[in-house]
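The values are calculated or read from the model by the stated rules, or taken from the named source; none is laboratory data. Because the structure is predicted, anything quoted here is derived from the model rather than measured. Because the Cβ atoms are built from the backbone with ideal geometry, glycine has one as well, and the counts that use them run over all protein chains shown.
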Amino acid sequence: MRLPLLALGLTCALAAGACGRAAAPAAPAPVSPAPAASATVGAGPPTAVAPGALTVHLKDFTIVPTEIAVPAGDLTLAVVNDGPTPHDLAIRDGGGTVVARTQDLAPGRSETLTAHLAAGTYTTFCALAGHETLGMRGTLTAA
Ligand SMILES: [Cu+2]
C-alpha cells in the first residue's frame, strides 16, 4: 500500500515553501571594492593606507604600527590584541580629547574602531593604567 508515501510526497510538494525554499541560500549581497578615491594618498608617505585597510596590533607593550598615516575623514581600524594581557586602543587629538576608543580587549580579541578625524596629528595609546608609559603609544596623522 503506497498511499501514505504518496500523501507524504504531495504534502511536501504543496508545502514547497517549507520543503524547498527554506534551504535556498539568500541572494548574495553585492560586494563592492573599497573606494578607489583614497588610493591617491598612496603617493604620500609609505605608511599611508586607505581607510579600512589597516590592522593595528596591540602587544605587551607596544602598538604596531607605531606611526600611522591616513586620509582625514572616516577612519576604520581593525584592532587586534596580540598580547598575553588585556589592552585597548584609544585615539586622542592634540588637545588631549579622546576621540575614539575600543573596549578592553582580552588576549586574542579584536574590534573594529571607527572615527571621523579632521586633519591633524593624533596620539594612539592604550588607555589601561600605565600601559602608555610602558610603551603603548604611537602617532596617527590624518591629512
Ligand atoms: Cu595595554
| said: Report every pair of residues separated by at least 6 positions or lying on different chains whose Cβ atoms are under 8 Å apart, first residue within segment 58-87 and on the phi > 0 side of the Ramachandran plot and in a strand (DSSP E or B), second surrounded by fewer than 17 Cβ atoms within 10 Å (Cβ to Cβ) and of a type outside the set (Ser, Thr, Tyr). | reply: Gly73/His116
| field | Subset of segment 50-71 (residues that are modelled with pLDDT of 95 or more and loosely packed, with under 15 Cβ neighbours inside 10 Å) | value | Thr55, Val64, Glu67
| remark: When segment 133-143 is checked residue by residue, the ones that are surrounded by 18 or more Cβ atoms within 10 Å (Cβ to Cβ) and either more than 10 Å from the ligand (Cβ to nearest atom) or farther than 14 Å from Asn81 by Cβ (or both) are Gly138, Leu140, Thr141, Ala142
| message | Which residue is nearest to Phe61 (Cα to Cα), if the candidates are limited to segment 87-135 and must be touching a Gly at 6+ places or on another chain (Cβ under 8 Å) and among the small types (Gly, Ala, Ser)? | response | Gly94
| When you go through Gly130, Gly95 one by one, which is the residue that is part of a loop (DSSP other than H, G, I, E, B), within 16 Å of the ligand (Cβ to nearest atom) and over 17 Å from the mean Cα position of the chain (by Cα)? | Gly130
